[in-house]
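First the structure, in the form of C-alpha cells, and then the observations on it.
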Amino acid sequence: MSFICEDVGTTKRKKMTKTRALKIWEAHKGICVTCKQVIDATREDWFIEHIRALELGGKDEDPNCGPAHMSCKKDKDAADHSAAAQAKRRKAHHLGIKDPNRKRIPQPPRAPKREGKKPLPPRPLFQKAS
Ligand SMILES: [Zn+2]
C-alpha cells in the first residue's frame, strides 16, 4: 500500500477504549491490515493500527483503523516514517528552507599557491675532462 507523499501534519489521537478496539476488531474480522492474515488473538500480540498513518494525514477514526500483528508494526512504522520524512524534506526544499545547523563536510587545507615557474640555472653543455 502506498500513499502520495504529502506533508499534512500529524492528526491528534483519540482515546482507544476496549469497546472501540472490539468494534474495530469485529469490522475487520480479526484480519491484520498489514499482512492480511488472520490474527490468533489468544497466541499473538496485536494492536489497533492506523491504516493511513496519522503523520501522513490519516484520521484517527474507526474506518482508518484496523487490527495488526505486533510483528507487522515495525515494517509499517518504518515505511510511514520514511514517507513522512520525505514529504517534510520535499516541502522544505519547495519553500527554499535550508537547515542552519547543517554542518559542511570538512575539507583538507589547501596547498599553498604555486608561483610561476622559475627558469633553471644554465648548465654547461660540455664538462672539461680533468
Ligand atoms: Zn500482520
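Each part reduced to its alpha carbon centroid, region 101-128 and region 18-90 end up 64 Å apart.
Near the amide H of T11, within less than 5 Å, lie the amide hydrogens of E55, G57, all on another chain or at least 5 residues away, with H placed in the peptide plane.
Please work out how much length the chain gains when fully extended from A41 to K91, using 0.36 nm per residue of separation minus the C-alpha to C-alpha distance, in nm with one decimal. Please list the in-between numbers first.
On the way: separation 50, 0.36 × 50 = 18.00 nm, distance 4.07 nm.
Between A41 and K91, full extension yields an extra 13.9 nm.
Counting only alpha carbon atoms, the long axis of helix 70-95 and the longest principal axis of the chain meet at about 50°.
Checking the Cα-Cα distances for K14/K76; K15/K103; K15/K36; K73/K103; K14/K98 against a 32 Å cut-off, the pairs over it are K15/K103; K73/K103; K14/K98. Between L56, L22, L120, the GNM of the chain built on Cα springs shorter than 10 angstrom shows L120 fluctuating the most.
Rounded to the nearest 10 degrees, the angle from helix 18-28 to the longest Cα principal axis of the chain is 80 degrees. Only helices enter this figure: runs of n ≥ 4 DSSP H residues, each worth -39500 (n - 2.57), summed and divided by the residues of the chain, yield -9500 deg cm²/dmol at 222 nm to the nearest 500. Take the chain, connect every pair of alpha-carbon atoms lying under 10 Å apart with a spring to form a Gaussian network, then pick out the residue of G57, G96, G30 with the largest mean-square fluctuation. In the Gaussian network model the winner is G96. For C35, the residues whose amide H sits under 5 Å from its own are H69, ignoring neighbours fewer than 5 places away on the same chain, with H placed 1.01 Å from N.
For C65, the residues whose modelled amide H falls within less than 5 Å of its own, excluding neighbours fewer than 5 places apart on the same chain, are I51. Sorted from longest to shortest, the spans of the Cα atoms of region 30-95 along the three principal axes equal 50, 22, 14 Å. Extension gain, D99 to T17, is 25.4 nm, computed as 0.36 nm per intervening residue step minus the present C-alpha separation. Comparing K117, K12, K59 in a Gaussian network model of the chain, where Cα atoms under 10 Å apart are tied by springs, the biggest mean-square fluctuation is seen for K117.
Here the 3J(HN,Hα) profile of region 104-111, calculated from phi with Karplus coefficients 6.51, -1.76 and 1.60 at θ = phi - 60°, is 7, 6, x, 9, x, x, 6, 6 Hz, Gly and Pro shown as x.
So for the pair S71, K59, with labels modelled 7 Å out along Cα→Cβ, what separation do we get in nm? That separation, rounded to one decimal, is 3.4 nm. In terms of overall dimensions, the C-alpha atoms belonging to the chain reach 112, 37, 21 Å along their principal axes, ordered largest to smallest.
FYI, it's all coordinate maths here, none of it is from the lab. This one's a predicted model, so the numbers in the text were calculated from it and none came from an experiment. When we count neighbours, we look across all protein chains shown, and the Cβ atoms used for this are built from the backbone with ideal geometry, even at glycine.
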